[in-house]
Structures are given as C-alpha cells and as structure tokens.
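Below is one structure, written out as structure tokens, with a few remarks after it.
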Amino acid sequence: MKALLVGECRDGKLLEYSYELFGFASQLGAETAMVLVGNDAALPSYGGTVYLAEAGKYGEYNPDLHKRLVQAAVEREKPDYVVFLHTSYGWDLAPRVAALLKAPQASEVVALAEGGFERPCCSQKMRQVVKPVGSPVVLTLQGGAFPALVPGGTPQKQALDAEGEGRTEFLGYEAAVRKGVDLTRAEIIVSAGRGVGKKENLPVIAELAKALGGEVGASRPVVDSGWMDAGAQVGVTGQTVSPKLYVACGISGAIQHLAGMKKSGFIVAINKDKDAPIGEVADVLVVADVMQFVPALTAKLAK
Amino acid sequence: MKILVCVKQVPDMESRFRPDAAGVWYAETDLAFRVNEYDEYAIEQAVLLKEQLGGEPEITLLSVGPDRVVEAIKKGLAMGADRAVHVRDPESHLKDPFQIASIIAAYAKGEEFDLIFTGMQSLDRGSTQVGVAVAEALGYACATTVVAFEYADGTVTVERELEGGVKGTVRLKAPALITCQLGLNQPRYPTLPNIMKAKKKEVNVVPVEQLLQQEARLVLAQFSAPAKKGGGVILEGDVADQVDRLIGILKDKTAVLR
C-alpha cells in the first residue's frame, strides 16, 4: 500500500503540520512519497522520495497547475491514497485532484475505520464512516487528528514539472490585522460565542471577565456579526491562546475555535446544549443559558 | 449576466441528532431545517453584485433535495434571487458530494452562467467538495474560502482566508465559481414586501433522474455520536447551585480564585 502525501509551503517554508501526513501514513501502514510545490529550503526531514516542483515557477497558490503537478506525481508513484491536510490549501486542491483522477474523496478524516474513514459531520457533533469506491482515494486530514511524525533523513529529490497555465492569478499574502488586546499573554480569558444571543448582551461577558481579572475574547460568529472586533477572535483564523483559565460562553466548539484554545490550562464551558462539541475539551461543562448563569456567577464572585 | 447560487437546506445545528433507520445519516424527525449558513453569504453576495450592476444580472437559485427545500428556496427568492430551480430528490442525503456536484453541473451546463456562488461547505456534511467539483466539471476558474469579493468588467478579485489570520488575494476571470466563507458580507433579512414578491417568482421543478448519470464514489457506512473522551465534569440543574459548584471546582483545581 502506498500513500502520496501532499506537503504544504507558505512564504517559502514547509508548514509544520505537513508532518501530520507522515503520522497518518504510519497509522495506515503505507509506504510514502511526498509531493511539494516549494524549494530546497522547504524540503522535509524525510529520507524518501520528494517530488519537488519549484514554487518560483508555479507559485504557492495556483490550483490548476498544482493539480497537474500532483497528477504527474500520481502517474509516477501509482499510489493507493493521495493525502492532503484539511486546510485552506488542501480543501481547495483536493477536490480538483479528485476530479482529475475520477477518484473518491473523503474530507476532514479524523480516524481510520474498518474499510473506510471516520469524519465529523453536523458541525462536529456527530461522526460518520464513509467507504470509498475505486482507487486511488483522495483524503484530507483534520488538523491535529493525527500526531506529527518527523521521519528524519534527507529526501531523494525528483524534479516535477507540468504544462499549461492556471486560471487564477495569485496576487500575494496579506498579514493578519492585529489590534486590541494581545490575548496570547492573558492568564484568564472569558470568550463570547453566538449563544450570547445579541450584541447588547456582551457587557455581561465583560463583567465576568472583570470579576475574574481577565480579558474578553470571542468566537468567529461574534466577530462576523460585527459584535466585536476581529482582534478579539480566538481560533485558527484568530489568536491561539493558552491562558490558565478559559471560560467559553455560548460557544459550540467548532474545530477552528477549539484549535485556538484547547491548550488552555483549565476550560470552563457554559452552553445550554449538553452535546455541544466544546464539551469534548471542557474541564467543566455548565449546562445552562449564558444569560442566566454568567450574571449569577459574576454576582457571586463580586461578593 | 447570469448568476447561479447553490443553496442547501440543513438542520439547526443545536438539534439532537439520531441515526436514521439505515444507521447511515440522521433521522429527520423533530429537526428544524434552515438555509445552510455559508449559502446565505453566497446569496447575499449575488444580490450585492446585482445591485452593484444596476439590477441587470439574473440570479437563479438552485437547491437539490426533498420537498422541504422549497422553504430554503423561498428565503433565497425573498433575499433577492429572481428565479429558482428545485432539483427534486427525496434521497439527496444518500448522494455523495461528487454526485451532488454532477447534478448541479448537469443543470448549469446548458445555462452558461457567468458566475456561480456556493457556500464553502454545508454545516451537516461539511465535505468542502461540491463547489470545487462543480467548477471542475464545468471547466470554470474557482476560488474557495472567500471573505472579500470584487467584480469589474468580467474580472473577479477575491481574498481567500488562510490559516493564522493571513489572507491571500486572487484574481480570476469569469466564468468563475466562488465558494463563500463566513464573514464575506452581512446576509440581509428578507423584508415582508420582498417575501410577498417572492411568492410570485418562478420555481422550476426538475426530477433528479433527469440530471444524474453518475454512480457514487463514497458509500455511507455509519452515523453515530463521537466517543466521549470524558474527564470533564458536567454541571446541570439549578443555576445558583451550578454557580456554587463551579466556584468550588475553580478554587480546588486552579490558582485563579483565592
């Protein structure tokens, strides 16, 4: 069994989580090769074959061309699996590769299952097992679901090329806008989620943060709704935090949010949905309406 | 200009999900359905573009699913779409993302849309495949995870949301397909007059058999709740009691409260 792993570069560097692909391949018991659109400096610490296409020529985001580069590597390796990370790069490119190869694709895989793959559904609340029909199988892996594995060694580099032009033109990266409080240094964070209900309810969250001597954070829907500035957002596309205490108020626990806060020392979640995915990481899950529980907690702390 | 918006109806995610009789997807009993949140951003972007271009573009809404999806279609029409296509499929939940994309592409093939908007994923299945697969089937340029959109003279410029708050700017030419990420815009609430107007708009019903010739590439084998990792304390019941117990735990287990 063989897996072709699709590594990922950004700004000339190999993204660390590319090593999770090796962790997955080892669980699968598969031989591996990697394909990477990058440069020599971005080669992984890995003793096997790496098909390297020059990012200087093909760009770091040029999905039409990257699709054909992956196809060229597939033709040489004849893998059973073509494996991506479930990232903005992976979920963009994987379906294009699957279309080209007429291959089944399972997205955001979190575990191996008998004859298939386990993946989350219903906003992470449930799991499904899907079984692919045909080969090769294209997979994207949920970030953090498989442990990173650094195989070590020096890659045997094979140059990779593809013909043609892409239909998208990449104009460049724009760095994250950082304003407001640096939550990465906060020891206590009280975060507001959609369960807070409306913008007018936010002072209740701020008062709890004040009573605890902490800062206020937010989940993505709160920022998207314009209730709070993007600088307060905790998660994959916001800040990654690790306070001593994290209080999640009305946050369901989308995987992108969990990725940004699960390293907190102690996690308290307040949610009226007992099955909310935030319960998976919470040390204490308070099953209650945020607008009833939080003011009561603040009042008691103030005494 | 012709614009297509693909819309899926999904259950409220605060629902309690139980396996269906076959044990491969959720049972629909007791579930409240609504427009997939990402698709609301797709509808809004199409309507904003129509407004920007002085009302010239025609917006067609398409939804694949059983009879209940008419409610999602009505909402999209009330938000400002001009007409709709309901691909009637009582068993759409058993189709894989490739089949759903094939159905949409088969419809779109003859229509020559200039732009297609979809959500970047559905809240229930979350495959992130359908939009891209439609673009591939039609040979359209495609950008995913879009949080900013501009259109001028057949050229689309978008910002894609990447990890760590970084964005990537991408330019592509129509015909193109855009998958919409949360935060792209502020989806509007339909007004009462627009809800009334929507009732008169055309909804063309097409049986799925007319559009689908593809076999599934993924078979659904199981649907279940995740194994609880456990360890966490769950506090239920009276609020005052919950407060006291939480404060006790915080004093006991953390150095945060003195």
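The values are calculated or read from the model by the stated rules, or taken from the named source; none is laboratory data. The structure displayed is predicted, hence computed values, not measured ones. No Cβ is skipped: glycine too gets one built from the backbone with ideal geometry, and neighbour counts run over all protein chains shown. Please note that ligands, DNA and RNA were not included when accessible areas were found on the heavy atoms of the full protein model with its side chains. Shrake-Rupley method; radii C 1.70, N 1.55, O 1.52, S 1.80 Å.
Numbers at a glance
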quantity	calculated
In the stretch B:105-116, the residues that are open to solvent by less than 10 Å² (accessible area, probe 1.4 Å) and either under 17 Å from the mean Cα position of the chain (by Cα) or among the acidic types (D, E) (or both)	B:A105, B:L115, B:I116
Number of positions in the stretch B:122-146 that are among the hydroxyl-bearing types (S, T, Y) and more than 7 Å from chain A (Cβ to nearest Cβ)	2
Residue in the stretch B:184-206 that is within 14 Å of chain A (Cβ to nearest Cβ), closer than 22 Å to B:S127 by Cα and in contact with a Gly (Cβ under 7 Å, 6 or more places away or on another chain) present	no
The stretch B:151-161 - residue that is touching a residue at least 12 places away in the same chain (Cβ under 8 Å) and at negative phi and, of those, farthest from the other protein chains (Cβ to nearest Cβ)	B:Y151
From the options B:I116, B:I104, residue that is in contact (Cβ under 8 Å) with a residue 12 or more places away in the chain, under 25 Å from B:Y26 (Cβ atoms) and among the hydrophobic types (A, V, I, L, M, F, W, C)	B:I104
B:L235 vs. criteria at the interface with chain A (Cβ under 7 Å from one of its Cβ atoms) and surrounded by 14 or more Cβ atoms within 10 Å (Cβ to Cβ)	yes
The stretch A:231-251: number of residues that are β-branched (V, I, T), surrounded by 24 or more Cβ atoms within 10 Å (Cβ to Cβ) and either assigned to a helix (DSSP H, G or I) or at the interface with chain B (Cβ under 9 Å from one of its Cβ atoms) (or both)	1
Subset tally (residues that are within 9 Å of chain A (Cβ to nearest Cβ) and within 19 Å of B:E44 (Cβ to Cβ)) for the stretch B:162-180	2
Search result, residues across the stretch B:1-16 that are touching a Pro at 6+ places or on another chain (Cβ under 9 Å) and open to solvent by 20 Å² or more (accessible area, probe 1.4 Å)	B:M1, B:K2
Residue in the stretch A:42-56 that is touching a Ser or Thr at 6+ places or on another chain (Cβ under 8 Å), within 9 Å of another protein chain (Cβ to nearest Cβ) and either open to solvent by 10 Å² or more (accessible area, probe 1.4 Å) or not in a loop (DSSP other than H, G, I, E, B) (or both) present	no
Within the stretch A:100-189, strands (runs of 3 or more DSSP E) holding 1 or more residues that are facing another protein chain (nearest Cβ under 10 Å) and within 30 Å of A:V241 (Cα to Cα)	A:105-109, A:111-113, A:116-121, A:126-132, A:137-141, A:168-174
Qualifying residues in the stretch B:220-232 (those that are surrounded by 11 or more Cβ atoms within 10 Å (Cβ to Cβ) and without any contact (Cβ under 8 Å) to a residue 12 or more places away in the chain) - the one farthest from B:V87 (Cα to Cα)	B:G232
Single condition B:L94 does not satisfy, out of (1) in contact (Cβ under 8 Å) with a residue 60 or more places away in the chain; (2) buried (at least 16 other Cβ atoms within 10 Å of the Cβ); (3) closer than 28 Å to A:L139 by Cβ	(2)
Residue check, B:G119 open to solvent by less than 30 Å² (accessible area, probe 1.4 Å), small (G, A, S) and within 14 Å of chain A (Cβ to nearest Cβ)	yes
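Residues are listed down the side, and each one gets a yes or a no for (1) hydrophobic (A, V, I, L, M, F, W, C); (2) more than 22 Å from B:V219 (Cα to Cα); (3) touching a His at 6+ places or on another chain (Cβ under 8 Å); (4) away from chain A (no Cβ under 14 Å):
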| position | (1), (2), (3), (4) |
| --- | --- |
| B:S15 | no, yes, no, no |
| B:A21 | yes, no, no, yes |
| B:E28 | no, no, no, no |
| B:L48 | yes, yes, no, yes |
| B:T60 | no, yes, no, yes |
| B:P66 | no, no, no, yes |
| B:V69 | yes, yes, yes, yes |
| B:A72 | yes, yes, no, yes |
